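The values are calculated or read from the model by the stated rules, or taken from the named source; none is laboratory data. Computed from a predicted model, the values in this text were never measured in an experiment. Reconstructed Cβ throughout: ideal geometry from the backbone, glycine too, with neighbour counts over all protein chains shown. Heads up: the accessible areas ignore ligands, DNA and RNA and are worked out on the full protein's heavy atoms, side chains in. Shrake-Rupley method; radii C 1.70, N 1.55, O 1.52, S 1.80 Å.
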Amino acid sequence: MAMSRDTLLGYLTDAFPDAEITLTDLAGDDNHWQAEIVSPQFAGLSRVKQHQLVYAALKGTMGGELHALALKTKAPDS
């Protein structure tokens, strides 16, 4: 199963409404995505915690509807 750009972007913008989000379809198959997310919600959090927030935003679709997601997360520069 694959996840469209619009669906993935919807999950992420719902969870991180003030974020800058860049999605890249790494294989051209809607199945292997890279997400770069710059969000104020990540301030002061470890990279692991940032990624946990992203996975929680995907509401259980990781490993099913969404096969692979490479993450680059950070808080905005001050």
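Here are a few things to note about the model shown:
- Neighbours of residue 7, meaning other residues whose beta-carbon lies under 15 angstrom from its beta-carbon, give a summed charge of -4 when Lys and Arg score +1 and Asp and Glu score -1.
- About the Cα centre, charge dipole magnitude for the chain (Lys/Arg +1, Asp/Glu -1 at Cβ), debye: 360 debye
- Amide H within-cut-off set for residue 26, under 5 Å, with H built and near neighbours excluded: 32, 33, 34
- Applying both filters, DSSP loop and at most 14 other Cβ atoms within 10 Å, to the trypsin sites (Lys or Arg not before Pro) of the chain gives 59.
- For the chain, the share of accessible area belonging to carbon and sulfur comes to 49 percent (1.4 Å probe, ligands and nucleic acids excluded).
- Convex hull projection area averaged over all views, the chain, Cα basis, nm²: 4.7 nm²
- Per-residue accessible area (protein heavy atoms, 1.4 Å probe) orders 58, 9, 69, 26 as 26, 9, 69, 58, starting from the largest.
- With Cα atoms, 0 to 90° folded angle of helix 5-15 axis to the chain main axis: 30 degrees
- Length-normalised contact order for the chain - Cα pairs under 8 Å, 6+ apart - percent: 37 percent
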